[in-house]
Amino acid sequence: MKVIKRDGRSVEYDRQKIVTAIQKANSDLPNKARVTQEQINEIVSYVENQNKKRMLVEDIQDMIEQQLMDMKKFELAKKYMLYRYTRALVRQQNTTDESILGLIRHTNKEVMDENSNKNAVTASTQRDLIAGEVSKDLTRRMLLPENISKAHEEGILHFHDADYFLQPIFNCCLINIKDMFDNGTMMNGKLIETPKSFQVACTVMTQIIASVASSQYGGQSINLKHLGKYLRVSKEKFYRELKTKHGDQMSEELINEIVEDRLQTELSAGVQTIQYQINTLMTTNGQSPFVTLFLELDEKDPYIEETAMIVQEILKQRMQGIKNEKGVYVTPAFPKLIYVLDEHNCLKGGKYDYITKLAVECSSKRMYPDYISAKKMRENYEGNVFSPMGCRSFLSPWKDAQGNYKFEGRFNQGVVSINLPQIGILANKDEEKFWKLLSERLELCHEALMCRHHALQNVTSDVSPIHWQHGAIARLKPGEKITPLLKNGYSTISLGYIGLYEVTLLMTGKSQTTPEGEVFAQKVMKRLRMACETWKAESGLGFGLYGTPAESLCYRFARIDKQRFGEIEDITDKGYYTNSYHVDVREHIDAFSKLKFESQFQPISSGGAISYVEIPNMRHNLKALEELVKFIYDNIQYAEFNTKSDYCHECGYDGEIIINDNNEWECPSCHNKDKHKMNVTRRTCGYLGENFWNVGKTKEIKARVTHL
C-alpha cells in the first residue's frame, strides 16, 4: 500500500508508524484508559484490511480515531487527536529561540562541543553557530520533507550538517592545488600568480586553504607532492644567484654546500608557515580550517627527492608541536596528516624507510600521521592511490574524456547516516522483519540524500569563485551552472552508518568477531553497499558507502534509542554506539587481530573507511608501532593509532607525566606536582591488548601488564 502524505508525496506504508503514534498517546494515560498491544494490533489490521493500493495519511488517522472510539477509549482518542494537532504545530513551530540563547549563555553543550575546530565562546564563532541554528530550524520546518525531518528527529537517520543546508554549499573536497599553482588563481579579486619559490608556494597554499574553508562546511585535503616542484625552483634560484655573483671565486663544492644550507632554511621556514598559518588562521565561520595534508612519496613524481625533504620536515615540526599561551609545546589539532606506505618506505629495507621511522616516532608523540597502504588501496581503487577528503570519505575512480583518472578537483555533495542498532531493536531477532525494515529505511536515506543533490542543482559558479571559477575544483565561467559536476560520478554522495557491532549483537546474540556474527555483519554491509550501487545505476550519481561519518553521532543515536526503548544491556546502556564497522572497544582483541578483522569491511565501505587501535604509552614502544605499521601495509588500507595521553591542566602540556625521585606525579614542563591538576591516564609497559582504566579521583591505573 502507498500512503499519500500531506505534501502530495507517495511513500510505502509503514505499520510501525501507527503503532508508535498510539503508544505515545497511550503512555500518558492511566492503565484503565489505555489500549493493550493486542488492541493496537487490531487497529493496525483494520487499516490494512481495507485492501487499498493508496490511502491518504489523514484517512488513516481518521480510521484510528474511529477505532479507538468504537473500543470506548474516549480519553485515548482525545489524546491521539491532540497528538495529531501537536505534530501539526511542531511542523510549523520555530525552535531556534532556546538553542540560540543557549549558545549565548554557554549552555547549549550539544552544539558548542560538536566541532573541535570551533571555539564556541568567541563572538565570530557564535555568529556562525547562531546562523547554523536558524538554518537547522528552516531545514526541519520548510526545506526537508516532513518524513525526513521526522526520521532525523527520531534517530532513524541523521541528516548531516543541517546547519549549512540553507546555503548552496557542499561538504568536502580534494583541492586541485597543482592546477592553482601552475595556472594561478584569484582571491578577493586579486590575481595570485604561479609561485616563484618554495616559501611563496607555502604561503599561497595556506591562503587557498583559508579561502576554500570559508565557502564549504566540510574538510579539504591537499597532496603535498605538488610542493616538491617549488622546492627545486628555490634550489635552482639559489644556485643561479651564487653562480652569477661568486662563480669565479667559489668552488662548485662550496656553492652547492651554501645552496643546501639556504635550501634547508627555506624548507624549514616554509613548513613552519604551513603549520602556524593553518593553526592561527580563522575562516569567515570562526574556525580553524579543517585540512588534511597527504604525505605521499610517489615514485612517478619527478620531484620525489624534494617531496621526501618536505615530508621529513613536516614530521619533525609536528613532533615538536606548537607553543600554547604558557609557552609549552602541545599537539596541534590541524593539519591532519596521512602518510602513505609503499614498497620503498614500508620498513622492509626501502630507500625511504628512514622517513617512515620518523613518522612512527611522530605518531607516538603527537598521534599523527594516520597511515594508508598503497598496496591495499591499489587493490580497492583500480590501481590508484589518492587522499581521502578532509572528512575521511573517499571518491570513486573517475576518468576524464581522455581516459585519465582524476581525483583532485572533486568533492562530496553531502552525507546521510543510518542508525543500524535501532533496526535491530525493532526487529527483535526476527530476520525477515529486519531486512524489510532495513530496506524501508534505506529508501528514506536515499530520499534524504537526493535532497542534498537537488539543493546543489542549478547553483552557479558565483556562489564560491575560489571553488568553481579559480581552480580549487573547476574553471567555470561566471554565471555558469555547476550541475554537470554533480552527475556521472564526478562528485560523491555518501551513505554513512553507525553500529554494525550492536546490530549484530542484537540480531544474533553474538559479537561480530564470532563466526556467526561475522557472517551477519558481512550480509548487512553488503546490503548497504548494494543499495548504493543500485542508486548509482538508477541515477548515474556517485553514491558511496562511508564509514566513520561522525563520532558525536555515536552518542546521539544511542541517546535517542535509550530514551525510546530504555536500557538494553550492551546496547543502549553504554551511552554510545560503535562507529561504522568497528569492533567495540570492550572486546578482548589485540591490535593486530582488530586491524585484520576490520580490513574485510574496508573494500565494501569504499566511500570511506578507517580503522584504529588503542595503544597505551606509545612513546616507549616504537618497535611495537613499527611492527604495526608493517602489518598495516600488508593487511589494511587505512588505519591510525589512538592513545589516552597524559595532560597537565596547569600549563597545557600533553606529553607524558613523569614519576619523580620522590615517587610523585610531576609535569616535566612546569614541574606541577598537584595531581588534581593533571590527567594521568596510562602508565603501562606497552601491552597491545585491552586495558581497563579507572579514571576516578585516585587516578588508579588498572591494566593487564603494568610497571606500577
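The values are calculated or read from the model by the stated rules, or taken from the named source; none is laboratory data. In this text the structure is predicted, and so the values were computed from the model without any measurement. Positions of Cβ are backbone-derived with ideal geometry, glycine not excepted, and every protein chain shown enters the neighbour counts. All accessible areas refer to the heavy atoms of the entire protein, side chains included, with ligands and DNA or RNA removed. Shrake-Rupley method; radii C 1.70, N 1.55, O 1.52, S 1.80 Å.
Restricting the range 504-519 to residues that are open to solvent by 30 Å² or more (accessible area, probe 1.4 Å) and among the hydrophobic types (A, V, I, L, M, F, W, C), the residue that is farthest from GLY155 (Cα to Cα) is VAL519.
Scanning the range 370-391 for any residue that is under 16 Å from GLN312 (Cα atoms) and of a type in the set (Asp, Glu) turns up at least one such residue.
Across the range 172-194, the qualifying residues are those that are in a loop (DSSP other than H, G, I, E, B) and among the β-branched types (Val, Ile, Thr), and the one among them that is least open to solvent (accessible area, probe 1.4 Å) is ILE175. The C-beta contact set for the range 265-290 (first residue more than 14 Å from LEU231 (Cβ to Cβ), second residue modelled with pLDDT of 90 or more and polar (S, T, N, Q), distance under 8 angstrom, 6+ apart or interchain) comprises GLN272/GLN317; GLN275/GLN317; GLN277/THR203; GLN277/THR206; ILE278/THR206; LEU281/THR206; PRO289/GLN220; PHE290/GLN220.
For the range 151-168, the set of residues classified as more than 17 Å from the chain's Cα centre (by Cα), assigned to a loop (DSSP other than H, G, I, E, B) and closer than 30 Å to ARG564 by Cβ consists of GLU154, GLY155, ILE156, PHE165, LEU166, listed by residue number.
Conditions tested, residue by residue: (1) within 19 Å of THR307 (Cα to Cα); (2) surrounded by fewer than 21 Cβ atoms within 10 Å (Cβ to Cβ).
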{"position": "ILE338", "(1), (2)": "yes, no"}
{"position": "LEU341", "(1), (2)": "yes, no"}
{"position": "GLY350", "(1), (2)": "yes, yes"}
{"position": "THR356", "(1), (2)": "yes, no"}
{"position": "SER373", "(1), (2)": "yes, no"}
{"position": "GLY383", "(1), (2)": "no, yes"}
{"position": "PHE386", "(1), (2)": "yes, no"}
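Under the condition of being under 24 Å from the mean Cα position of the chain (by Cα) and surrounded by fewer than 11 Cβ atoms within 10 Å (Cβ to Cβ), the residues counted in the range 388-405 number 0. Scanning the range 406-427 for residues that are more than 23 Å from ARG556 (Cβ to Cβ) and in contact (Cβ under 8 Å) with a residue 24 or more places away in the chain, we see that the one that is surrounded by the most Cβ atoms within 10 Å (Cβ to Cβ) is PHE411. Filtering the range 484-503 to residues that are at negative phi and either open to solvent by 20 Å² or more (accessible area, probe 1.4 Å) or out of contact with any helix residue (DSSP H, G or I) (no Cβ under 9 Å at 6 or more places or on another chain) (or both) leaves PRO484, LEU485, LYS487, THR492.
Condition check for ARG378 on (1) open to solvent by 10 Å² or more (accessible area, probe 1.4 Å); (2) touching a Lys or Arg at 6+ places or on another chain (Cβ under 9 Å): one failure, at (2). The requirement of being assigned to a strand (DSSP E or B) and buried (at least 21 other Cβ atoms within 10 Å of the Cβ) is fulfilled somewhere in the range 294-307, by at least one residue. Can LYS630 be described as basic (Lys, Arg), modelled with pLDDT of 80 or more and surrounded by fewer than 17 Cβ atoms within 10 Å (Cβ to Cβ)? In short, yes. When SER221 is tested against (1) part of a helix (DSSP H, G or I); (2) out of contact with any helix residue (DSSP H, G or I) (no Cβ under 9 Å at 6 or more places or on another chain); (3) of a type outside the set (Lys, Arg); (4) closer than 21 Å to SER387 by Cβ, just one condition goes unmet, and that condition is (1).
Can you name the residue in the range 479-512 that is in contact with a Phe, Trp or Tyr (Cβ under 6 Å, 6 or more places away or on another chain) and polar (S, T, N, Q) and, of all such residues, is farthest from ASP430 (Cα to Cα)? Out of the qualifying residues, it is SER491.
Are any residues in the range 129-146 in a helix (DSSP H, G or I) and not charged (D, E, K, R), and if so, which ones? If the condition is that a residue be in a helix (DSSP H, G or I) and not charged (D, E, K, R), then LEU129, ILE130, ALA131, GLY132, VAL134, SER135, LEU138, THR139, MET142, LEU143 are the ones that fit.
Within the option set GLY547, GLY575, GLY542, GLY566, being in contact with a Gly (Cβ under 6 Å, 6 or more places away or on another chain) and either at pLDDT below 95 or open to solvent by 30 Å² or more (accessible area, probe 1.4 Å) (or both) holds for one residue only, GLY547.
Yes or no, residue by residue, for (1) open to solvent by less than 30 Å² (accessible area, probe 1.4 Å); (2) outside any helix (DSSP H, G or I); (3) free of Cβ contacts under 8 Å to residues at least 60 places away in the same chain:
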| site | (1), (2), (3) |
| --- | --- |
| LYS436 | no, no, yes |
| GLU440 | no, no, no |
| GLU447 | no, no, no |
| HIS467 | yes, no, no |
| GLY471 | yes, yes, no |
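Filtered by the rule that a residue be crowded, with 20+ Cβ neighbours inside 10 Å and more than 23 Å from ILE372 (Cβ to Cβ), the range 585-616 gives a lone residue, PRO616. Just to be sure, is THR273 open to solvent by 60 Å² or more (accessible area, probe 1.4 Å) and assigned to a helix (DSSP H, G or I)? Spelling it out, it is not the case that THR273 is open to solvent by 60 Å² or more (accessible area, probe 1.4 Å) and assigned to a helix (DSSP H, G or I). Are there any pairs, at least 6 apart or on different chains, whose C-beta atoms fall under 8 Å, with the first in the range 319-343 and of a type outside the set (Phe, Trp, Tyr) and the second open to solvent by 50 Å² or more (accessible area, probe 1.4 Å) and part of a strand (DSSP E or B), and if so, which? Sorted first by the residue in the range 319-343, then by its partner, the pairs are GLN320/TYR329; GLY321/TYR329; ILE322/TYR329; LYS323/TYR329; VAL330/LYS323.
Take the residues of the range 12-48 that are in contact (Cβ under 8 Å) with a residue 24 or more places away in the chain and charged (D, E, K, R): which is least open to solvent (accessible area, probe 1.4 Å)? It comes out as ASP14. Considering only residues in the range 214-225 that are among the small types (Gly, Ala, Ser) and open to solvent by 10 Å² or more (accessible area, probe 1.4 Å), the one that is nearest to VAL415 (Cα to Cα) turns out to be GLY218. Given the criteria out of contact with any strand residue (DSSP E or B) (no Cβ under 7 Å at 6 or more places or on another chain) and surrounded by fewer than 14 Cβ atoms within 10 Å (Cβ to Cβ), does GLU65 qualify? Here the answer is no, as GLU65 does not meet what is asked. If a residue counts only when it is modelled with pLDDT under 65 and in contact with a helix residue (DSSP H, G or I) (Cβ under 8 Å, 6 or more places away or on another chain), which helices (runs of 4 or more DSSP H) contained entirely in the range 14-116 have at least 1 such residues? Answer list for the range 14-116: 74-92, 96-105, 109-112. Residues in the range 335-371 that are under 30 Å from CYS670 (Cα atoms), part of a loop (DSSP other than H, G, I, E, B) and in contact with a Leu (Cβ under 9 Å, 6 or more places away or on another chain): PRO335, TYR368, PRO369.
One line per residue, one yes/no per condition, for (1) touching a Ser or Thr at 6+ places or on another chain (Cβ under 6 Å); (2) in a helix (DSSP H, G or I); (3) surrounded by fewer than 21 Cβ atoms within 10 Å (Cβ to Cβ); (4) not charged (D, E, K, R):
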| position | (1), (2), (3), (4) |
| --- | --- |
| ARG127 | no, yes, yes, no |
| ILE148 | no, yes, no, yes |
| PHE170 | no, no, no, yes |
| VAL200 | no, yes, yes, yes |
| VAL204 | no, yes, no, yes |
